[in-house]
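Here the structure is laid out as structure tokens; the discussion comes afterwards.
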Amino acid sequence: MPSASGHVWQFRRGWIAAALVPALALVSAACGAAAPQSQAGSGGSTGSGKLVVWDWHSGDATTKDYYAKAKSDFQAKHPGVQVEFVAQPYDQYYTLLGTAIQAAKGPDISMFNGGAQMRERATALLPLDDKLGDLKDRLVGWDAFRKDKTTYAVPVTLQGFPFYYNKAVYKKAGLDPNKPPATVTELQTDCAAIKKSGNACFNLGNKEGLGIEFFLSGFGPGVFSPAQYDDWLAGKRDWKSPEVKQIFELWKKTNDDGWYNKGVNSTAMFNDQFTMFSGGKGGNVIGLISDTAHWKSFDEFLGPDLGVYKAPISDPANVKSTFLPAEGGIGYGVMKWTKDPALAMDLVKSLASTDAEKLFFEKAGAIAADKTIDTKAVDVPAAGEIVSWLPDSKPLLHTALSAKTLDLMHRLSQQLISGDVTVDQVLTQLAASDK
């Protein structure tokens, strides 16, 4: 999935009790995965050990070359060590990992979304600050993988929420396809025209409640003042402020005004929402820049009709300029129970190597955390624009929240759309949860 974060990205709770048996089986299979090495660490080893990595991407066709490169890089230094990548089910990943953490045995290395998902599990991870070496200067996106100023995972991709749009849909609606909306007022005008032309203005799937994360972090840079944005990230959040209320009111109003496809609360975000957009059934979508629902996947279907823009400004008197919200996307952490931490860290370094990350970018479309990778060769204009915006980016608003508050926000966002709660009731509950 995305890495939202805290990310992106938060995962669907499709877990049922029957899944506990395979969870325990996977944990047992991974027990004692890393055998002690006689010369473990960056100096190399020739022992016969094994490292197990859990992720949700190693089974994807688009990431095959990335994993192969990382594995070959590692095994060139440690030729006697086996590496096993275990691609876990997307919607069960953190439940399976939670089972492993409770048992204190499982994979040696785990993939994480930056933000709340990693921070909630930091006690099961090894601190990495004294093991990073040149990674610290070569990679960006570290803050999403830190808790209390300690680093627990290494970023591989960046995650951000740009607004993608379909120029053909804009043209059909009589709009200038090369002039995306710069303000919320312009967006409202454009949406009215797109709706009249027979398309949804935005594609949205909120079956899992994830839509509100995209909405909050997507629209936030155009609503919050710079000071308010920074305060939110620092934990000084005023849930009753006019700007926060405006975002949640806009969430409800856009649905009431018919901006979206039908059945928002019964439509899955991954991948129904993005499939609709790729199929030309909507004018806009808030997408990602990490490992899915990004410029590369949309370009395959829309080609030159794919456009991208930053968050529209709500009140030009309060916000003078906007930016792309972005931070560390997905990364790898070393589990505390691994038998050879130095060896496991060497594999993490291979997973974050420049050559491997370059393949992740080129083949899978994820914006890499490695700032030394040359992205100029990519001929998709949307990718070039996104990369040009990164220097001015700030972290995502939703990943500053705890997993508990995010889960509550998911449920309340659905109830707002169905009309079962008011915005004031939602903000009161979120304020109480965020203490």
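Being under 28 Å from the mean Cα position of the chain (by Cα) and surrounded by fewer than 20 Cβ atoms within 10 Å (Cβ to Cβ) is the filter here, so list the residues in segment 187-206 that pass it.
The answer is Gln188, and nothing else.
When the residues of segment 74-100 are filtered to those that are free of Cβ contacts under 8 Å to residues at least 40 places away in the same chain, part of a helix (DSSP H, G or I) and open to solvent by 50 Å² or more (accessible area, probe 1.4 Å), which remaining residue is farthest from Ala122 (Cα to Cα)?
Filtering first and then ranking leaves Ala76.
Quick one: is Ala153 touching a strand residue (DSSP E or B) at 6+ places or on another chain (Cβ under 8 Å), closer than 25 Å to Gly333 by Cα, touching a residue at least 40 places away in the same chain (Cβ under 8 Å) and surrounded by 16 or more Cβ atoms within 10 Å (Cβ to Cβ)?
yes
Would you mind stating whether Ser314 is of a type outside the set (Lys, Arg), open to solvent by 10 Å² or more (accessible area, probe 1.4 Å), on the phi < 0 side of the Ramachandran plot and modelled with pLDDT of 95 or more?
yes
Have a look at Lys105, Lys167, Lys71, Lys131 and point out the one that is charged (D, E, K, R), touching a residue at least 12 places away in the same chain (Cβ under 8 Å), touching a helix residue (DSSP H, G or I) at 6+ places or on another chain (Cβ under 9 Å) and within 30 Å of Pro312 (Cα to Cα).
The conditions single out Lys167.
Condition check: surrounded by fewer than 24 Cβ atoms within 10 Å (Cβ to Cβ), touching a residue at least 60 places away in the same chain (Cβ under 8 Å), hydrophobic (A, V, I, L, M, F, W, C) and within 23 Å of Leu396 (Cβ to Cβ). Does Val308 satisfy that? Break it down stepwise before answering.
On the way: surrounded by fewer than 24 Cβ atoms within 10 Å (Cβ to Cβ): yes; touching a residue at least 60 places away in the same chain (Cβ under 8 Å): yes; hydrophobic (A, V, I, L, M, F, W, C): yes; within 23 Å of Leu396 (Cβ to Cβ): yes.
In short, yes.
Condition first: in contact with a Ser or Thr (Cβ under 8 Å, 6 or more places away or on another chain) and assigned to a helix (DSSP H, G or I). Can you find one or more residues in segment 366-381 that meet it?
no
Just name the residue that is farthest from Ile289 (Cα to Cα) out of those in segment 382-419 that are in contact with a Leu (Cβ under 9 Å, 6 or more places away or on another chain) and assigned to a loop (DSSP other than H, G, I, E, B).
Leu401
Among the residues that make up segment 216-234, is at least one of them open to solvent by 30 Å² or more (accessible area, probe 1.4 Å), more than 28 Å from Gly328 (Cβ to Cβ) and either of a type outside the set (Ser, Thr, Tyr) or modelled with pLDDT of 95 or more (or both)?
no
If Tyr260 meets every condition in (1) open to solvent by 10 Å² or more (accessible area, probe 1.4 Å); (2) under 19 Å from Leu401 (Cβ atoms); (3) in contact with a strand residue (DSSP E or B) (Cβ under 9 Å, 6 or more places away or on another chain) apart from one, which number is that one?
Tyr260 satisfies every listed condition except (2).
Could you look through segment 274-294, keep only residues that are in contact with a strand residue (DSSP E or B) (Cβ under 7 Å, 6 or more places away or on another chain) and not in a loop (DSSP other than H, G, I, E, B), and pick out the one that is most open to solvent (accessible area, probe 1.4 Å)?
Restricting to residues being in contact with a strand residue (DSSP E or B) (Cβ under 7 Å, 6 or more places away or on another chain) and not in a loop (DSSP other than H, G, I, E, B), the top hit is Met276.
The values are calculated or read from the model by the stated rules, or taken from the named source; none is laboratory data. On a predicted model such as this, the values are computed, not experimentally measured, just so you know. Here Cβ is always computed from backbone atoms with ideal geometry, including for glycine, and neighbour counts include all displayed protein chains. For the accessible areas, the whole protein counts, side chains as well, though only heavy atoms, and no ligand, DNA or RNA atoms are used. Shrake-Rupley method; radii C 1.70, N 1.55, O 1.52, S 1.80 Å.
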